[in-house]
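Reading through the structure tokens given below for one structure.
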Amino acid sequence: MAFKLKTVGELYNMCEELSQWGRPVFYKDLEDPVKAEANRDGTTFVDPENCKESEMEEAVVHENVHHNQMLSGRLGYDRNNVYWKPTTRSHMKTYTRETMEEGKKDLAWEAEAYKESDKIKNS
């Protein structure tokens, strides 16, 4: 009797096509209407229910901008706040999650991410 080995993606519920070395992309149920999220450990979660397959590359590009912002020390977050520095030399500003709409395009860190992901969307 033969058997079929599962791929790494099947084993870990991972999107192999959009994953990069050090930045794996995993499928996960997220709160509506969140399509994807960048995690501090370098992983990205994409919700296949909220994010159509045609939008996944755009979502991952968007989240990779956030990963780069975190790596450079410009963006950080915890359960209650988001921390943002427009440049690496500027002071860190604290934004309370209670009072802001996360993911909104007019937030400075989101504007940078949308600028990159819109290139995918518009191509």
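The values are calculated or read from the model by the stated rules, or taken from the named source; none is laboratory data. This structure is a prediction, so every number in the text was calculated from the model and none was measured. Cβ placement follows ideal geometry from the backbone for every residue including glycine, while neighbour counts extend to all protein chains displayed.
Which number in (1) more than 23 Å from K121 (Cβ to Cβ); (2) aliphatic (A, V, I, L, M); (3) in contact (Cβ under 8 Å) with a residue 60 or more places away in the chain marks the one condition that L71 misses?
With respect to (1) more than 23 Å from K121 (Cβ to Cβ); (2) aliphatic (A, V, I, L, M); (3) in contact (Cβ under 8 Å) with a residue 60 or more places away in the chain, L71 is out only on (3).
Among the residues of the range 1-17, write down those that are surrounded by 10 or more Cβ atoms within 10 Å (Cβ to Cβ) and either closer than 22 Å to M70 by Cβ or among the aromatic types (F, W, Y) (or both).
Matches in the range 1-17: Y12, M14, C15.
Would it be correct to say that T94 is more than 17 Å from C15 (Cα to Cα) and at pLDDT below 95?
Taking the combined requirement at face value, the residue does not satisfy it.
Can you pull out the residues in the range 18-39 that are loosely packed, with under 12 Cβ neighbours inside 10 Å and at pLDDT 95 or above?
D29
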